[in-house]
Amino acid sequence: MSASIIIFYLIAAMILIGGLLAVTATRIFRSAVYLLFSLLGTAGLYFFLDYEFIAAVQIIVYVGGIVVLIIFSIFLTQGSGTSLKQPKFLRMALAAIAATAGCALSVSFINNHSFSGANDKPALSPSVGEIGAQLLSTSQHGYILPFEVVSMLLLAAMIGCIVIAIKDKEPAANGNQN
């Protein structure tokens with residue numbers, strides 16, 4: 001076995017174990033930390049495949065943005081030490097059956113599809129300069145609108161965390177209002 005295969009399996013194991021622990025953890029903060037490791041493994045896989053820009057976006061947007069936002073909202077709502085409800089056996093069994101059926105359906109679709117490359121189009125260079133020019137372009141094949149939609153998504157997530165963090169003040173028990 002070559003070193004690249006071993007590295008791939010280590011990264012894949014990090015992603016799978018982190019994802020599995022994220023959905024099975026009983027404490028919400030630990031679940032967020034496991035999600036962080038799973039997303040870092042995904043970024044590592046992108047680096048392994050020489051897609052540096054996508055790996056950097058994975059780290060900046062998901063690890064640096066979304067997961068940190070989730071962790072801040074957990075701490076602001078003072079729910080970091082609370083345990084999550086344990087699901088009932090029937091719900092767990094149905095979720096396992098649904099996940100297995102989804103995986104089987106995905107594998108079936110992949111096996112039945114004939115993947116072919118586009119021979120008439122030249123391959124695009126995945127350099128950061130080319131990607132940046134496409135992201136900020138307002139032409140027909142530009143991505144400025146999705147880029148702005150992602151920024152609005154992050155803004156909405158931040159506003160949602162602020163709304164969750166705001167607590168209603170409890171009325172005074174004795175009627176004194178200072």
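What follows is calculated from the coordinates using simple rules that are stated; it is not laboratory data. Predicted, not measured: the structure shown is a model, and the values here were computed from it. We place every Cβ from the backbone using ideal geometry, glycine too, and count neighbours over all the protein chains shown.
Label-to-label distance, R91 versus M1, with points set 7 angstrom from Cα along the beta-carbon direction: 3.8 nm. Annotation: the residues T26, T138, sorted from fewest to most other C-beta atoms within 10 Å of their own C-beta, follow the order T138, T26.
Work out, step by step, the length gained on full extension between I60 and V128: first 0.36 nm times the residue separation, then minus their alpha carbon distance; give nm to one decimal. Please list the in-between numbers first.
Numbers: separation 68, 0.36 × 68 = 24.48 nm, distance 1.50 nm.
Net length gain for the segment: 23.0 nm.
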